[in-house]
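Here the structure comes first, spelled out in structure tokens, and everything after it is commentary.
The values are calculated or read from the model by the stated rules, or taken from the named source; none is laboratory data. No experiment lies behind these values; they were computed from the predicted model shown. Note that we place each Cβ from the backbone using ideal geometry, even for glycine, and neighbour counts take in every protein chain shown. Only protein heavy atoms, including side chains, enter the accessible area calculation; ligands, DNA and RNA are left aside. Shrake-Rupley method; radii C 1.70, N 1.55, O 1.52, S 1.80 Å.
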Amino acid sequence: MPTMEMPGWDRPAKAALRALVIGITGFAAISPLAEVTASVPVPAFASQSDGAGGEPSEVAARVALGPGGRDIRLAGDLTEGVATRVAALLAANPGVERLHLTSDGGLVEEAVAIGALVAERGLATYVPDACASACTLVFVRGRARYLATGAQLGFHAPYELGPGGRIEAVDPGAERAAYLAAGLTPDFVARTMTVAPEDIWIPEPERLRKAGVVTEMVGSDRFPDSTLDSDPSPQAARAEVLRNLPILAAADPAAVDEAAAWYRDGYLAGRTEAEAIAGLHQRAAAELRRQFRAADDATIRALGRVVLTTITAAEACAAIAEGDLVTLDEVLRHAQPGSPGLAPLLVRRSPEHGSAAGVDAKPNRTAWPEHRLVPPVCAGPLAAVRRALARAPHEAALALRTILLGDPPATIASAALP
């Protein structure tokens, strides 16, 4: 799933402690397909306090054992004491093989200590989403270093936080030595040391491989899902489901809860991200079909109009052919940024307030634009929908229910005939 924002990313470590910290807002928003250097916000240190001492509060990383005892999940800031917790978990679980990292940085001393544990145990390191600043000092110590497709590594020179959070330059010798000892090429290491602390350098994957930073790029079907590493609560699982499938916000809340429970159970059991996404998609598609089957005729005709007036993309036609309303919703949202997709059609209204779609204008008099460029793969499905909408209202709805919600491949083929 897409890069997450880490809780507390904008909460600094204690002033005057040596740290590598960046803002994930600037980091995660940058495309991983291009090599870039970007400015990121430097945290404000005087705004938060944890009590009598007046010192800024800290949000330590969550460190947890993954399913089967083969992974340790580290998600969050590398604050004081995180390395000790990693060491204790490793000592109690000799079967650990990998360290999952999702962190925007923290204390260099903690990163170096965790990196030493990784090297001593011969662990592999894996970044499913984002790892920046001090986190990269841990990542490069892995025996094998895996970066998920679309994930990001971010680098910049170290600095020290003085009074009031003032950035002060420090000797980068320790960091340079750590990178070189891990086998990174000298030119790459030199480049990282030239990036200002308030900036972040995100190298493209090919450069990371050539420099010895990453040993392998992996897909979402390779390792257990890490999306809930920072917060595996039922609430977080529900939020993640709705973030990835926004159409479910208009669905039955009980169906969302069921999907979130299935997703969280799979995360705890070690299901891969690819399996999780596929399973959630199937559940969402089934729920949408159920809701549309219960909708009134006007709503179904409105769904047909949406298909005809908005969709020409080949993937949308495939979605129609397979009765996949989730993909149809995603295509709508992508084609029209800011579009609510199919959500307005799922809003239930009482008879006195009109149809669920809010439209029941004379469908037989609708003029469909014939001049649009339609991919050949779309001709059959669109023709079937057009012919259905040309019928009397009730007959049109019946035909559209068959085309869009039934067994589409055979139905569309026959419906498209004269």
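List the pairs whose first member sits in the stretch 185-206 and is under 19 Å from Leu161 (Cβ atoms), whose second member is in a loop (DSSP other than H, G, I, E, B) and small (Gly, Ala, Ser), and whose Cβ atoms are under 7 Å apart, counting only residues at least 6 apart or on separate chains?
Met193/Ala157; Val195/Ala157; Ala196/Ala157; Pro197/Ala157
Output the number of residues of the stretch 55-90 satisfying the condition of being surrounded by fewer than 18 Cβ atoms within 10 Å (Cβ to Cβ), at positive phi and at pLDDT 90 or above.
Total meeting the criteria: 2.
Got a sec? Which of Cys135, Cys131 is in contact with a helix residue (DSSP H, G or I) (Cβ under 8 Å, 6 or more places away or on another chain), in a helix (DSSP H, G or I) and within 25 Å of Glu273 (Cβ to Cβ)?
Numbers: Cys131 fails: in a helix (DSSP H, G or I).
Unique residue meeting the criteria: Cys135.
So the check is Cβ under 8 Å with 6+ separation or different chains; which pairs have a first residue in the stretch 309-332 that's buried (at least 22 other Cβ atoms within 10 Å of the Cβ) and a second one that's at pLDDT 75 or above and among the aromatic types (Phe, Trp, Tyr)?
Here the result reads Leu325/Phe292, each pair linking the stretch 309-332 to a residue that is at pLDDT 75 or above and among the aromatic types (Phe, Trp, Tyr).
Which residue out of Gly142, Gly164, Gly150 is of a type outside the set (A, V, I, L, M, F, W, C), open to solvent by 10 Å² or more (accessible area, probe 1.4 Å) and either in a loop (DSSP other than H, G, I, E, B) or modelled with pLDDT of 95 or more (or both)?
On the way: Gly142 fails: open to solvent by 10 Å² or more (accessible area, probe 1.4 Å); Gly164 fails: either in a loop (DSSP other than H, G, I, E, B) or modelled with pLDDT of 95 or more (or both).
So the residue among Gly142, Gly164, Gly150 that is of a type outside the set (A, V, I, L, M, F, W, C), open to solvent by 10 Å² or more (accessible area, probe 1.4 Å) and either in a loop (DSSP other than H, G, I, E, B) or modelled with pLDDT of 95 or more (or both) is Gly150.
Counting only residues that are of a type in the set (Gly, Ala, Ser) and over 18 Å from the mean Cα position of the chain (by Cα), how many does the stretch 262-297 have? Write out each step before concluding.
Going residue by residue through the stretch 262-297, those that are of a type in the set (Gly, Ala, Ser) are 266, 269-270, 274, 276, 278-279, 284-286, 294-295.
From what's left, over 18 Å from the mean Cα position of the chain (by Cα): 269, 285-286, 294-295.
So the answer is 5.
Here are the criteria: (1) more than 14 Å from the chain's Cα centre (by Cα); (2) over 30 Å from Ala182 (Cα atoms). Tell me which single one Ala239 does not satisfy.
Tallying (1) more than 14 Å from the chain's Cα centre (by Cα); (2) over 30 Å from Ala182 (Cα atoms), Ala239 fails exactly one: (1).
With a cut-off of at least 2 residues that are of a type in the set (Gly, Ala, Ser) and in contact with a helix residue (DSSP H, G or I) (Cβ under 7 Å, 6 or more places away or on another chain), name the helices (runs of 4 or more DSSP H) lying wholly within the stretch 221-319. Even if it seems obvious, please write down each step before you answer.
Working: elements: 234-244, 253-269, 273-293, 297-310.
Result: 253-269, 273-293, 297-310.
I'd like the full set of residues that are touching a residue at least 60 places away in the same chain (Cβ under 8 Å), of a type outside the set (Asp, Glu) and open to solvent by 20 Å² or more (accessible area, probe 1.4 Å), limited to the stretch 225-242.
Once the filter is applied, which keeps residues that are touching a residue at least 60 places away in the same chain (Cβ under 8 Å), of a type outside the set (Asp, Glu) and open to solvent by 20 Å² or more (accessible area, probe 1.4 Å), the stretch 225-242 yields Ser230, Pro232.
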